[in-house]
Amino acid sequence: MQGMEKTHQYARCLVLAGGGFRFGYYLGIHAAAEDTGHAPDLLLATCGGAVAAATIARLPDAAARKEWLASRQVHAFLASLQSTARAAPLPMLAGAARRWMRRSSVPLIPDLFDDYLFELPAGLPLPPASGQAAPAVAIVGGKLLFNREEVGQPRGGRALFAETVFGDARVAALASGTPAAAADPRWSDGAIAPVLQVDSAMPLEDAVRTSLSDMFYFRCHQHGASHYTGGVIDLFPIELARRLAASVAMERKGRPDPWLVAPAWRAVLGIDGDARLRAVHGQAADVWIDTQDMAQALRGHGLKKRVRWRENRFRLIAPASYDDYRAQVEAQWQYGYRKGHAAYTGRQLP
């Protein structure tokens, strides 16, 4: 079995983990991989990285991918994101404070159906399918193991989510029967089922939409009779990457926000984000791309969070002008290219 596993592995996997709406820096990292002779034949993506992965897979070269991301269509999509009634600032901040103060993990079944801040349009900003065969794309999400009627009930120690990887038949064959890294008791309290699920039937658009569905930000995504939450369930899937490919490149990330992100992981997924990230950084990757300074280097890029007190709404604000948006995409791309090129060539950046 081990020999069969090895023969089916991909040669190189580039992990596109998170990134929010700063899609451009992942395109830059991928371009650096190509230019240094390390083009991946598999992209493993979570959250915003899924948009970048689909863009790379569907367009033929770095120039076309960057131009698509910098298009008016993508800018219009980002500018169209609307707040829900749940985005009233004071109740929203009170909820965040409660999650920060509550040290217990997932005491109640969370509401991922109605308790979210922003509406994500149905049509994602993805280029049309081109029929390209490479690179392959695998996307991480989480399948809900509860229904709307159970929201608010005591969890009682049951598993509420199944970590799921969406990919083609080859990905499914390699990942089948794998333990779910998100369920490891070193950082998980049992809200995630122990075995990874695989799904080779979900269309790419739905897989990307699923991975974007971060709790509290966006509604869970329905496909068929099932509902799914985002790639944050296993934001840094290094174990899965090593299962799928002989060589793995991924980012060395900064720690999660201790006031908002880490409490949300604990409250909904039962995951200790700091413990998980330490474990990831303690494992072996063939290429580590150091983006720990991204929050500072790209400060003000992407969508900005603003409180509109007159509207009593917390809003996501895209760059006001199209020229500003294009400039941000270029800056993100250059940041990713510089970081990726340094990692793939073994150079230390100042």
Flagged in region 61-93 as in contact (Cβ under 8 Å) with a residue 40 or more places away in the chain and more than 19 Å from GLN334 (Cα to Cα), in numbering order, are ARG72, GLN73, PHE77, LEU78, ALA79, SER80, LEU81, SER83, ALA87, ALA88, PRO89, MET92
Within region 148-177, the residues that are over 20 Å from the mean Cα position of the chain (by Cα) and in contact (Cβ under 8 Å) with a residue 40 or more places away in the chain are GLU150, VAL151, GLY152, GLN153, PRO154, ARG155, ARG170, ALA173, LEU174
Taking region 142-177 and keeping only residues that are in a helix (DSSP H, G or I) and of a type outside the set (A, V, I, L, M, F, W, C), one is left with ARG148, GLU149, GLU150, ARG170
Counting only residues in region 192-228 that are among the small types (Gly, Ala, Ser) and over 19 Å from the mean Cα position of the chain (by Cα), the one nearest to GLY49 (Cα to Cα) is identified as ALA201
Within region 80-97, the residues that are under 22 Å from SER321 (Cα atoms) and surrounded by fewer than 17 Cβ atoms within 10 Å (Cβ to Cβ) are SER80, GLN82
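Conditions tested, residue by residue: (1) in contact with a Leu (Cβ under 7 Å, 6 or more places away or on another chain); (2) hydrophobic (A, V, I, L, M, F, W, C); (3) at pLDDT 95 or above.
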{"position": "GLY95", "(1), (2), (3)": "no, no, no"}
{"position": "ARG99", "(1), (2), (3)": "no, no, no"}
{"position": "ARG103", "(1), (2), (3)": "no, no, no"}
{"position": "LEU108", "(1), (2), (3)": "no, yes, no"}
{"position": "PHE113", "(1), (2), (3)": "no, yes, yes"}
{"position": "GLY123", "(1), (2), (3)": "no, no, no"}
{"position": "GLY131", "(1), (2), (3)": "no, no, no"}
{"position": "PHE146", "(1), (2), (3)": "yes, yes, yes"}
Output for Cβ contacts, cut-off 8 Å, separation at least six or different chains, first residue under 17 Å from VAL151 (Cα atoms) in region 206-225, second of a type in the set (Lys, Arg), reads HIS221/ARG209
Counted residues in region 218-242 being out of contact with any Asp or Glu (no Cβ under 8 Å at 6 or more places or on another chain) and either on the phi > 0 side of the Ramachandran plot or of a type in the set (Lys, Arg) (or both) come to 2
Residues in region 275-311 that are surrounded by fewer than 18 Cβ atoms within 10 Å (Cβ to Cβ), within 19 Å of the chain's Cα centre (by Cα), touching a residue at least 40 places away in the same chain (Cβ under 8 Å) and assigned to a loop (DSSP other than H, G, I, E, B) total 2
For GLY19, the lone unmet condition from (1) of a type in the set (Gly, Ala, Ser); (2) part of a helix (DSSP H, G or I); (3) at pLDDT below 95; (4) buried (at least 23 other Cβ atoms within 10 Å of the Cβ) is (2)
Check region 312-335 and report whether any residue there is within 17 Å of LEU93 (Cβ to Cβ), among the aromatic types (Phe, Trp, Tyr) and assigned to a loop (DSSP other than H, G, I, E, B). no
Of the listed residues (ALA57, ALA52), the one being closer than 24 Å to LYS305 by Cα, assigned to a helix (DSSP H, G or I) and among the small types (Gly, Ala, Ser) is ALA52
Output for Cβ contacts, cut-off 9 Å, separation at least six or different chains, first residue surrounded by fewer than 24 Cβ atoms within 10 Å (Cβ to Cβ) in region 131-143, second hydroxyl-bearing (Ser, Thr, Tyr) and part of a strand (DSSP E or B), reads PRO135/TYR10; ALA136/TYR10; LYS143/THR164; LYS143/SER226; LYS143/TYR228; LYS143/THR229
Subset of region 198-252, residues among the basic types (Lys, Arg) and in a helix (DSSP H, G or I), comes to ARG209, ARG242, ARG243
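The values are calculated or read from the model by the stated rules, or taken from the named source; none is laboratory data. Values in this document were obtained by computation on a predicted structure and should not be read as measured data. All Cβ positions, glycine included, derive from the backbone under ideal geometry; neighbour counts span all protein chains shown.
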